[in-house]
Amino acid sequence: MTRVCWRCDARTDDHRRVRCDCGEPLWLETDPDAAPDSFPTCVESMWDVLPLLGVDSPSPGNGLPAAAGGTPLVRTESLDTDGVAVHVKPEGLNPTGSFKDRGTAFGIAAALERGEDRVGTVSHGNMAESVAAGAAAAGMDCTVLVPADIADERLAAIARHGPRLVRVDGDYGRLYHEALEVGREAGVRFLNSDAPWRVAGQATTALEVLVQLDDAPDALVLPVSSGGHASGTWQAVRALTGAGLLDSPPKLCFVQAAACAPIAEAYARGDDEVTPVEGGETIAYSIANADPPSGSRALAAARATDGAVVAVDDAAIERAGERFAGAGLAVEPASATTLAALEPLRDARVLDRGDTAVLVATGRGFGDPDAAIETEHVELAAVGSLFA
Ligand SMILES: *Cc1c(COP(=O)(O)O)cnc(C)c1O
Ligand SMILES: [Zn+2]
């Protein structure tokens, strides 16, 4: 599986390289001639659409990797906003509750095929839970590096899958690079946010959407943090276009939380390069990466498809989360950003009345232990008089 740089086209067959000499992340080379010439008729899991990407795909085996993806695409009229028709891709239906299972599944399956038995990741959230679960399913040894101040309920969700858990002090961004280095030396496969295998697996979210709609929506909207999922989405669109299966690609629209928005800020400035920000607190805890390793690639994806990168504040995210809940969907704040983004995308004329937008509800989330229930929502009554 040759790896190639999206920016300078440098190639390598070294399956442990994740970054190019130019500094940008590598991804797997896609071969349009290796892809089938039509869409599959059914989408039960990510493995049904993965061949469309035109990469060497590993075999899914059984257990969690086999079950990843295959989420429905749901037309949700009650979320239509300002004349834009909304479809939702509920990624919370994945085995551990987020799209990360797609990337984990590809990574675990590919590592198994190489006879590797040790994986790791640097994460405090959904990716940690996903990798720990995937490794457990495959009987692999797993090391998860978490920040020292991680909340207990998150730690518990990761710990129940039995990985080696290591709390680390210091700069969590730098840790990403150090872990890759140490892992390479020790023969531990780190399935971090922009590992080429993870990105290829996460390309299946967009592949599924395009197959399920049998057409491109006007816009595909997803929250972005490291830029790994955004990169996979662009990889999918490029592969299908290259294979002649997509006439007009969707606009790729990415959303960040205003408190920590390095990619949206670079987009607004017209830069080609994402620079790290200080980064403040936001309720959208899954997308607060102040120094995104695939940020510049995500920025390029938005520009190349006439999409955009926008930021929304916590109040708007909260309101959007309530609208999702009212539509019957439990999503975490990171995912609610997609609905909050429709207004700024309309204002920027990226979306127009009559357009179709697919919102990728990336995860279900851990639940918020601090969430207050307003007491007027809860009644006190005798059961006998309930419906009197
Ligand atoms: C990881 C994650 C994201 C961001 O994905 P990146 O690939 O890091 O950009 C968004 N939403 C949820 C729920 C996530 O877990
Ligand atoms: Zn390069």
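The values are calculated or read from the model by the stated rules, or taken from the named source; none is laboratory data. Given the structure is predicted, the values throughout are model-derived calculations rather than measurements. Reconstructed Cβ throughout: ideal geometry from the backbone, glycine too, with neighbour counts over all protein chains shown.
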**Report entry** Matching residues in the stretch 10-44 - criterion: being within 16 Å of ligand 1 (Cβ to nearest atom), assigned to a loop (DSSP other than H, G, I, E, B) and either within 17 Å of Ala300 (Cα to Cα) or assigned by TED's automatic domain parsing to the domain that holds Gly201 (or both)
**Finding:** Glu24
**Report entry** Qualifying residue in the stretch 165-183 (condition: in contact with an Asp or Glu (Cβ under 7 Å, 6 or more places away or on another chain), outside the structural domain of Pro293 (by TED's automatic domain parsing) and modelled with pLDDT of 95 or more)
**Finding:** no
Query raised in the report: Under the condition of being of a type outside the set (A, V, I, L, M, F, W, C) and under 22 Å from the mean Cα position of the chain (by Cα), which residue from the stretch 24-44 is surrounded by the most Cβ atoms within 10 Å (Cβ to Cβ)?
Result: Pro25
Query raised in the report: If we only count strands (runs of 3 or more DSSP E) wholly inside the stretch 127-235, which ones have 1 or more residues that are within 15 Å of ligand 1 (Cβ to nearest atom) and farther than 20 Å from Pro65 by Cβ?
Result: 141-147, 219-223
Query raised in the report: Right, Ala301: of a type in the set (Gly, Ala, Ser), assigned to a helix (DSSP H, G or I) and touching a Leu at 6+ places or on another chain (Cβ under 6 Å) or not?
Result: yes
Query raised in the report: For residues in the stretch 45-82 being aliphatic (A, V, I, L, M) and assigned to a loop (DSSP other than H, G, I, E, B), which is farthest from Gly139 (Cα to Cα)?
Result: Leu73
**Report entry** Exclusive hit being within 16 Å of ligand 1 (Cβ to nearest atom) and surrounded by fewer than 24 Cβ atoms within 10 Å (Cβ to Cβ), set Leu339, Leu329, Leu299
**Finding:** Leu329
Query raised in the report: What do you reckon, is Ala35 aliphatic (A, V, I, L, M), within 16 Å of ligand 2 (Cβ to nearest atom) and more than 19 Å from Gly227 (Cα to Cα)?
Result: no
Report task. Of the conditions (1) on the phi < 0 side of the Ramachandran plot; (2) at pLDDT below 95, Gly367 clears all except one; give me its number. Result -> (1)
Report task. Can you run down the residue pairs with Cβ atoms below 7 Å, 6 or more apart or on separate chains, where the first is in the stretch 20-39 and in contact (Cβ under 8 Å) with a residue 60 or more places away in the chain and the partner is away from ligand 2 (no atom under 13 Å from the Cβ) and of a type in the set (Val, Ile, Thr)? Result -> Trp27/Val199; Leu28/Val55; Thr30/Val55; Phe39/Val211
Requested in this report: Please go through the stretch 330-360 and pick out each residue that is at pLDDT 95 or above, within 17 Å of Asn126 (Cα to Cα) and not in a helix (DSSP H, G or I).
Outcome: Val331, Glu332, Val360
Requested in this report: Output the qualifying pairs, or none if there are none: Cβ atoms under 7 angstrom, residues six or more apart or on different chains, first residue in the stretch 92-111 and among the polar types (S, T, N, Q), second residue assigned to a strand (DSSP E or B).
Outcome: Ser98/Gly363
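Residue by residue, here is whether (1) at pLDDT 95 or above; (2) surrounded by 16 or more Cβ atoms within 10 Å (Cβ to Cβ) holds:
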site	(1), (2)
Val237	yes, yes
Leu240	yes, yes
Ser248	no, no
Cys253	yes, yes
Gln256	yes, yes
Pro262	yes, yes
Ala268	yes, no
Val274	yes, yes
Glu278	no, no
Query raised in the report: Of all residues in the stretch 12-25, which are over 13 Å from Pro196 (Cα atoms) and either in contact with a strand residue (DSSP E or B) (Cβ under 6 Å, 6 or more places away or on another chain) or of a type in the set (A, V, I, L, M, F, W, C) (or both)?
Result: Cys22
